[in-house]
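Have a look at the structure below, then the notes.
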Amino acid sequence: MLESQYLKDQQLLLGRQITFLRIKAGFNNKETVGKIYTGSDKRSSIISRFEKGNNLKLVSIIRLANIFKVPVYCFFDFQRKFRVIINDRYVDDLEVRLKSTLLMVAKNMKRLRKERNWSQLDLEIETGIDRATLGLYETGSENLEFDTLVIISQGFKVEVLQLLRAD
C-alpha cells in the first residue's frame with residue numbers, strides 16, 4: 001500500500017511543476033492564470049492551491065495545460081527529462097482533451113498489466129482500488145484525481161509519467 005509521505009511528496013512535485021510550467025508559459029504572476037482559469041473549482045486562490053500541491057482532478061490539469069499550451073504529460077515530468085514546447089496545437093476542447101488523456105491512461109494501464117501478466121485482481125491487490133473502478137479506468141470512462149494516478153503508478157512501480165505518455 002502507498003505511504004502517505006510518498007503521496008505528499010508527489011503532490012509537492014506536481015505543485016512545483018505547475019509553478020515551473022506557469023513561468024515557462026510566460027505567466028509571471030498567479031493572478032493572471034487565475035483570471036483565465038475556468039471550472040467549477042475556480043476561486044481567487046486556485047493557482048496558489050494547485051502550486052502548493054493540493055490534490056487535483058485530471059480535468060483541472062488539462063485546463064492548465066490548455067492555458068499554458070503544453071502537453072498534459074509535462075505536468076508529470078518531475079525530473080524534467082523532456083523539453084517543454086509551448087504551442088497552440090496543444091490547446092483543444094476540454095472534453096476532447098480529457099477523453100484522449102483518459103484513453104491514454106487506460107491504454108497504458110492495460111499495457112502495464114499485460115506486461116506483468118496481471119489480472120485486474122492482481123492490480124487491485126497492489127493498489128487497493130477495487131476491480132470495478134479499475135475497469136472503469138481501463139476503459140477511459142472515469143475521471144481520475146492526481147492521487148489516484150500516483151496510487152496506480154506505484155502499484156505498477158512506475159512513474160506517473162508512464163501512465164500519460166505514448167510509447
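The values are calculated or read from the model by the stated rules, or taken from the named source; none is laboratory data. As the structure is a prediction and not an experimental result, all values here were calculated from the model. We place every Cβ from the backbone using ideal geometry, glycine too, and count neighbours over all the protein chains shown.
Please tell me if ASN54 is modelled with pLDDT under 95, touching a Lys or Arg at 6+ places or on another chain (Cβ under 8 Å) and polar (S, T, N, Q).
So ASN54 does not fit the description; no.
Of everything in segment 96-145, what is of a type in the set (Asp, Glu) and more than 15 Å from the chain's Cα centre (by Cα)? Give them in sequence order.
GLU115, ASP122, GLU124, GLU126, ASP130, GLU138 - these are the residues of segment 96-145 that are of a type in the set (Asp, Glu) and more than 15 Å from the chain's Cα centre (by Cα).
What number of residues within segment 129-167 satisfy the criterion of being under 15 Å from LYS114 (Cβ atoms) and assigned to a loop (DSSP other than H, G, I, E, B)?
Of the residues in that region, 2 qualify.
Only one residue in GLU115, GLU142, GLU124 is at negative phi and at pLDDT below 95. Which one?
GLU142
Can you tell me which of (1) surrounded by 15 or more Cβ atoms within 10 Å (Cβ to Cβ); (2) touching a residue at least 24 places away in the same chain (Cβ under 8 Å); (3) assigned to a loop (DSSP other than H, G, I, E, B) is the one ILE86 doesn't meet?
Unmet for ILE86, out of (1) surrounded by 15 or more Cβ atoms within 10 Å (Cβ to Cβ); (2) touching a residue at least 24 places away in the same chain (Cβ under 8 Å); (3) assigned to a loop (DSSP other than H, G, I, E, B): (1).
Take the residues of segment 11-45 that are farther than 14 Å from ARG63 by Cβ and either outside the structural domain of GLN79 (by TED's automatic domain parsing) or not in a helix (DSSP H, G or I) (or both): which is modelled with the lowest pLDDT?
Top of the filtered list is SER44.
Just name the residue that is surrounded by the fewest Cβ atoms within 10 Å (Cβ to Cβ) out of those in segment 89-130 that are polar (S, T, N, Q) and under 19 Å from SER141 (Cβ atoms).
SER100
Only one of LEU112, LEU64 is hydrophobic (A, V, I, L, M, F, W, C), within 26 Å of TYR6 (Cα to Cα), touching a residue at least 12 places away in the same chain (Cβ under 8 Å) and outside the structural domain of GLN11 (by TED's automatic domain parsing); which?
On inspection, the qualifying residue turns out to be LEU112.
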